[in-house]
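Have a look at the structure below, then the notes.
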Amino acid sequence: MKTSKLKLGSKQYIPKDFNAKRARAILRPMGDTRRVSEPTIEEQIAAYQREFQDLDPQVEKIVSALGRLNRRMNVAYGRQTATLGISNAEWEVLKALVLSGAPYRMGPSDLAKRLGLTPAAMTHRIDRMVAEGLVTRERDESNRVRVIVELTEEGRSKWLAAMRLASVFEEELLQDLSPEDRGVLGEVLTRLLRRVEHAQPDAGGRLTDLD
């Protein structure tokens with residue numbers, strides 16, 4: 001299996017090889033699938049049309065598929081991060097710090113805004129991550145009133161491990177799409193995202209804090 005280099009700041013990190021077959025199990029049924037009672041998309045559309053005659057079945061099929069895909073992907077990612085000893089909530093903080101660029105530092109208020117959380121919820125999350133050694137929280141030397149949250153080596157290691165697992169899952173998810181199909185799908189989804197962002201500019205966060 002080939003490995004790729006990931007450059008963070010001035011350093012390059014080479015992900016270690018790992019058991020891809022184990023990661024792929026995330027796309028196989030887990031638990032007792034006989035208990036799943038959610039109707040198929042076709043059944044849902046038929047029920048909606050029975051109750052709401054103005055429904056556009058083509059539109060409903062698209063938005064229902066997107067909603068279900070998003071929900072199941074979130075569950076899959078949550079199972080992967082759980083194997084690393086972190087939660088999806090903690091992963092979001094690690095991601096935000098990595099995206100900020102070296103030296104991977106942000107203020108708690110900036111993190112809260114980025115993740116759509118209240119200051120109190122952000123403080124609670126940071127407290128937990130400091131205790132786990134994923135981030136540090138120190139006073140800014142240039143402004144003692146300001147607090148800085150910084151990614152630790154342990155936090156960066158967890159982020160890289162999560163990325164390795166996610167890359168296998170995502171590649172299997174898209175295995176039936178050609179490069180051309182992936183390009184078209186990416187463009188179409190980006191257009192939909194931009195439309196929602198324009199219509200709902202304040203909807204980047206959550207309606208409630210999910211810790």
Can you give me the number of residues within segment 121-159 that are over 21 Å from the mean Cα position of the chain (by Cα) and over 18 Å from Asn88 (Cα atoms)? 13
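A quick yes/no check of all residues on (1) surrounded by 10 or more Cβ atoms within 10 Å (Cβ to Cβ); (2) at pLDDT below 50; (3) closer than 16 Å to Ala162 by Cα:
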{"residue": "Ser10", "(1), (2), (3)": "no, yes, no"}
{"residue": "Arg34", "(1), (2), (3)": "no, no, no"}
{"residue": "Glu42", "(1), (2), (3)": "yes, no, no"}
{"residue": "Asn74", "(1), (2), (3)": "yes, no, yes"}
{"residue": "Glu90", "(1), (2), (3)": "yes, no, yes"}
In the list Leu111, Leu193, Leu189, Leu185, which residue meets the criterion of being within 20 Å of Tyr77 (Cβ to Cβ) and surrounded by 13 or more Cβ atoms within 10 Å (Cβ to Cβ)? Leu111
Quick check on Gln58: is it outside any helix (DSSP H, G or I) and over 25 Å from Val149 (Cα atoms)? no
For Val98, are the conditions met, namely being within 18 Å of Trp159 (Cβ to Cβ) and either surrounded by 14 or more Cβ atoms within 10 Å (Cβ to Cβ) or free of Cβ contacts under 8 Å to residues at least 40 places away in the same chain (or both)? yes
Restricting to segment 141-178, name every residue that is touching a residue at least 24 places away in the same chain (Cβ under 8 Å), assigned to a strand (DSSP E or B) and charged (D, E, K, R). Arg146, Glu150
Could you tell me whether segment 127-135 includes any residue that is acidic (Asp, Glu), surrounded by fewer than 18 Cβ atoms within 10 Å (Cβ to Cβ) and in a helix (DSSP H, G or I)? yes
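The values are calculated or read from the model by the stated rules, or taken from the named source; none is laboratory data. None of these values were measured; they are calculated from a predicted model. Every residue, glycine as well, gets a Cβ built from its backbone with ideal geometry; the counts of neighbours run over all protein chains shown.
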